[in-house]
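The values are calculated or read from the model by the stated rules, or taken from the named source; none is laboratory data. Only a predicted model underlies this, so the values are computations on that prediction, with no experimental measurement involved. Glycine also receives a Cβ, built like all others from the backbone with ideal geometry; neighbour counts cover every protein chain displayed. Keep in mind that these areas ignore ligands, DNA and RNA; they rest on the heavy atoms of the full protein, side chains included. Shrake-Rupley method; radii C 1.70, N 1.55, O 1.52, S 1.80 Å.
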Amino acid sequence: MSRTDASTALEQETPPSNDWHARDLEDVYDALETSDAGLNSSEARERLEREGPNEIEAEEGVSPWQILLEQYTSALIWVLIVAAIVMAGVGHTIDAAVIAGIVVFITLFGFLQDYRAEQSIQALKEMATTYALVRRDGEKRELDATKLVPGDVVFVESGDVVPADARIVEESNLSVDEAALTGESVGVSKEVGTVDADTSLAERENMLYKDTVVERGSGTAVVVETGPESEIGQIATALEEAEERETPFQSEMDRLGKIIAAGVIGAVAVIAIAELVVGETEPLQVFLTAVGIAVSAVPEGLPAVVTLSLALGARRMADQNALVRRLPIVEALGSVDVICTDKTGTLTEEEMTVQRIVANREVYEVTGTGYDTDGEFRRDGEPVDRERVAAVLRCSMLCNNVDVGTRERDEDGAASESGEGERTYLGDPTEIALFVAAQKGGFDHEELAAEYPRLGEVEFTSARKRMTTVHETPDDGPVAYMKGAPETVLERCDRELLDGEVVDLTDDRREEIEARNESFAEDALRVMGFAYRPEVPADQAESPDADLEQEMVFLGLQGMLDPPRSEVPDALAGSLAAGIDVVMITGDNAVTARAVGEEVGLRSTTVITGPELEEMGDEELADVVEDVDIFARTSPDHKTRILQTLQEKGHTVAMTGDGVNDAPAVKNADVGVAMGIRGTDVTEQASDIVLLDDNFATIRDAVKGGRRIFDNVRKFVNYLLSGNGGEVTMVFTGSMVGLGLVITPIQILWINVVTDGIPALSMGVDPPAEDIMERDPRPPGEGVITDRIVTSIVGIAAFMTVCLLPLFTLNFYGEVIPGYDVTGALFGWSPGYETGRELAQTMVFTGFVVFEIVRIQAIRYRYGLGLFSNRWLVLAVAVAAALQMLVLYTPTGQFLFDVEPLALVHWVQIAVAAVVFALLMAIFVKVQDHHFERY
């Protein structure tokens, strides 16, 4: 057969990658045109050229220059750049320099925030193995793993990283840690054979997957997929295809910039036509007015205030074990209405715990959770003597390979240089649970090992489903202890231990034990059986094998479960009260998932399994997805499909994940949440938030933190834009009524960046409203700027103009209304001081600063916050006032800002205007309360 024919035949006969596990081994060999002898070198070279290297290619990241240039795509930035150029062109170099400085600050700030490389694909690439042991030309050889091709026969053993997706040909006690791929922490026992086509990835016992780790044993396998076609390669492809999401807040800020830019152009056009065509204003004055409107319309401090406030909020969340990787995502947290969460380690402790023991024909409850050795044994709620369960506990500690070691970690999780660390258990989670239960029973490992030294072991295998150890005893010679699957242990027993006496194991008793085992399993307990054989023959004690596993004495059962975290039920109830639905998506079986769901308090315990999900069409899933809170035996594809269905139904979804397989779903979620303890680097890089404690309660706290941050963002956006609105209205009105420039551009910049910016920043640490977790989630389409905020901005702008414009005319013309002595006629008072434009502009300038106190409290009122509820805000207002005093009463400030020092009479006028403004705002807020929702 020619090379082209061979290629065509291979492409035609090769089954889809998700079908390799379901085919007979001979069919796999035929499809790959290989055998157990492997490939020869020439065929391997041809396939390498055709299939490509066994590696995951990463896309090039965005360069720093591209990130910097992207900062200049904002319409607001260009409004300021044009304003700076105009000011420089007409000789106002100080104003131009200040505006240019603001532009540089905003762009550099944005650059520093955006400068992070997309590392998900690179992390996947770094996971690739370096070498593989392969059979080529009939002999074993070690070669670069990137040169593996489908049809190669590879060999793996304990500690190896699997180099490619492969079908197992031979195995010896082979167990693989697939946590990086599936997220399940318990090792998977592998065996030769076929499994059903619809078997989930986590249950394909006859397959090895690239970049998983061999825990024990050894195996031989034929490579079926390499590089991008491997399971982990397909995940990398999905990550490449996942688009970077722009949060609603980012979209809204961009839209706001365009609206402001259009408004500036429109306002300048109106003024230019009115002044140049109709009026007699000099072109220079028109230019200055246009720049004044441009500068007043742009909230120069907003980008910095938003970013800093998000950063402060993110830091608070980090203190609560939620590390925010993308600052804008905290805004999206406020609208999350569905949390899709893992079970293991998030809702549960991820520490198997023995909860029930059967011994002496009775059932005992075991208290305590996790690896804490404090606990007692109870029957019908009453404590019992530990001797009642001592025999089965002794067996579980002796027939056990757990070691007690040290985890050398410092407070940050890094290796400790001192070599000191916390004591920890090293071994299989099931064996650790049995070991801890024995410690609760008063057994000490070192003492028991010294009293019953181990002579030999018949090791556990997936085929045997049991383990037996032989020990020397102080008085009765060698004894064998066995643990394993209850049915396997039971069929090797002919007696049982009852109250210290060995009695016959009758058929009725067998049925009772089997029924008890089934009862435990229905309660989602993982059950182990225990037995021993006294007086083991000397020859079998020296070289134990399966022959000694007979005529055993049944000791009892132990049922264990990964218990829910103690704080989860309250956290879940709080989430439900906040209008957030919680959905458990797990790879575990339906029985266990339902039991955990009932215990933590899920709204519904209806379960849909992965196979059932695959049989559903998209419309059928859409009809039921909102009524199902538990999905069991799911695969990565299922997780993504559930996510997308919920999003299509209009939900804002937070999705948790830990394994590499979860990365696409995490990246495509509205809020992607990675597990910091057991999560992989790839998933963390794909996420928006990393939970440092893998705890569901932290997700609830993160949502609360997100709502608080969003409330605060909404407050200071309202505050800043209402100030800008007042400035625009003042400048525009003054120009249209012939007053000229009522406030200078540099004064506006000072207000926007300093005297307004500092208080706005302090609003970022406002405390949460008392009912923050009693509200329903914010609708996805509702942005920061709502109808209420728009009316607030317009109302505040109008009231500020009404109150400040008379201050300008009074101190420019000496009369509130030029040509009419209103103050003299009504109050018999006229200014007894020299008036002028500079004084009038100073009054407007200072009036804006004073009005900030009234504006702040009017905006915070509806959140139930008093003026002194935020000490940083009080300090910020004091600092802003002090800085304004420096501008007014120092020669440098007077020179730079073209202001005059104000006398007492001027402050009285400002105070009267502020009181009028406060009364107008109080009435306005009450009117708003009647027409709009509170938030």
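Remarks
- Applying the criterion of being in a helix (DSSP H, G or I) and in contact with a strand residue (DSSP E or B) (Cβ under 7 Å, 6 or more places away or on another chain) to the residues of region 639-668, the residue that is farthest from Pro779 (Cα to Cα) is Ala663.
- Residue check, Val502 β-branched (Val, Ile, Thr) and surrounded by 14 or more Cβ atoms within 10 Å (Cβ to Cβ): no
- Of the residues making up region 138-183, those that are among the charged types (D, E, K, R) and at pLDDT 90 or above are Lys147, Asp152, Asp165, Arg167, Glu170.
- One residue alone among Ile699, Ile709 is buried (at least 24 other Cβ atoms within 10 Å of the Cβ), more than 12 Å from the chain's Cα centre (by Cα) and not in a loop (DSSP other than H, G, I, E, B), and that residue is Ile709.
- Residue that is farthest from Phe868 (Cα to Cα) [pool: residues in region 888-926 that are touching a Ser or Thr at 6+ places or on another chain (Cβ under 9 Å) and of a type in the set (A, V, I, L, M)]: Val899
- Candidates Thr645, Thr640, Thr656 - the one that is crowded, with 24+ Cβ neighbours inside 10 Å and β-branched (Val, Ile, Thr): Thr656
- Against the test of being touching an Asp or Glu at 6+ places or on another chain (Cβ under 7 Å), surrounded by 12 or more Cβ atoms within 10 Å (Cβ to Cβ) and of a type in the set (D, E, K, R), the options Arg516, Arg509 yield a single qualifying residue, Arg509.
- Yes/no for Trp872 being within 15 Å of Tyr719 (Cβ to Cβ) and open to solvent by 60 Å² or more (accessible area, probe 1.4 Å): yes
- A residue that is small (Gly, Ala, Ser), touching a Gly at 6+ places or on another chain (Cβ under 7 Å) and on the phi < 0 side of the Ramachandran plot occurs nowhere in region 888-896.
- Candidate set: region 192-207, residues that are open to solvent by 30 Å² or more (accessible area, probe 1.4 Å) and assigned to a helix (DSSP H, G or I); chosen: the one modelled with the highest pLDDT: Glu203
- A residue that is open to solvent by 60 Å² or more (accessible area, probe 1.4 Å) and within 21 Å of Gly726 (Cβ to Cβ) can be found somewhere in region 891-902.
- Filter result (closer than 22 Å to Cys399 by Cα and charged (D, E, K, R)) within region 515-530: Arg526
- Residues (among the aliphatic types (A, V, I, L, M), open to solvent by 20 Å² or more (accessible area, probe 1.4 Å) and under 33 Å from the mean Cα position of the chain (by Cα)) located in region 341-387: Met352
- Residues that are of a type in the set (Asp, Glu) and within 17 Å of Ala798 (Cβ to Cβ) within region 708-743 comprise just one, Glu727.
- Single residue of region 757-768 satisfying the filter (open to solvent by 10 Å² or more (accessible area, probe 1.4 Å) and of a type in the set (A, V, I, L, M, F, W, C)) that is nearest to Ala332 (Cα to Cα): Val765
- The one condition in (1) open to solvent by 40 Å² or more (accessible area, probe 1.4 Å); (2) over 27 Å from Met352 (Cα atoms) that Val479 fails to fulfil: (1)
- Qualifying positions in region 715-743 - outside any helix (DSSP H, G or I), touching a residue at least 24 places away in the same chain (Cβ under 8 Å) and surrounded by fewer than 24 Cβ atoms within 10 Å (Cβ to Cβ): Gly738, Leu739, Gly740, Leu741
- Criterion: at pLDDT 85 or above and either in contact with a Cys (Cβ under 9 Å, 6 or more places away or on another chain) or surrounded by 14 or more Cβ atoms within 10 Å (Cβ to Cβ) (or both) - qualifying residue of Ala100, Ala132: Ala132
- Of the strands (runs of 3 or more DSSP E) lying entirely inside region 418-494, the ones with 3 or more residues being over 43 Å from the mean Cα position of the chain (by Cα) are found at 454-458, 466-471, 479-484.
- Residue check, Asp211 open to solvent by less than 20 Å² (accessible area, probe 1.4 Å) and either at pLDDT 65 or above or closer than 30 Å to Asp787 by Cβ (or both): yes
- Any hit, region 504-524, residues being over 30 Å from Val591 (Cα atoms) and not in a loop (DSSP other than H, G, I, E, B): yes
- Applying a threshold of 7 Å to beta carbon distances and a minimum spacing of six or more residues, or different chains, the list of pairs starting in region 426-446 at a residue that is closer than 17 Å to Asp385 by Cα and ending at one that is assigned to a loop (DSSP other than H, G, I, E, B) reads Gln439/Thr373; Lys440/Gly368; Lys440/Thr373; Lys440/Gly375.
- Filtered residues of region 9-41 (kept if open to solvent by 60 Å² or more (accessible area, probe 1.4 Å), in a helix (DSSP H, G or I) and either at pLDDT 90 or above or more than 13 Å from Val224 (Cα to Cα) (or both)): Gln12, Glu26, Asp27, Asp30
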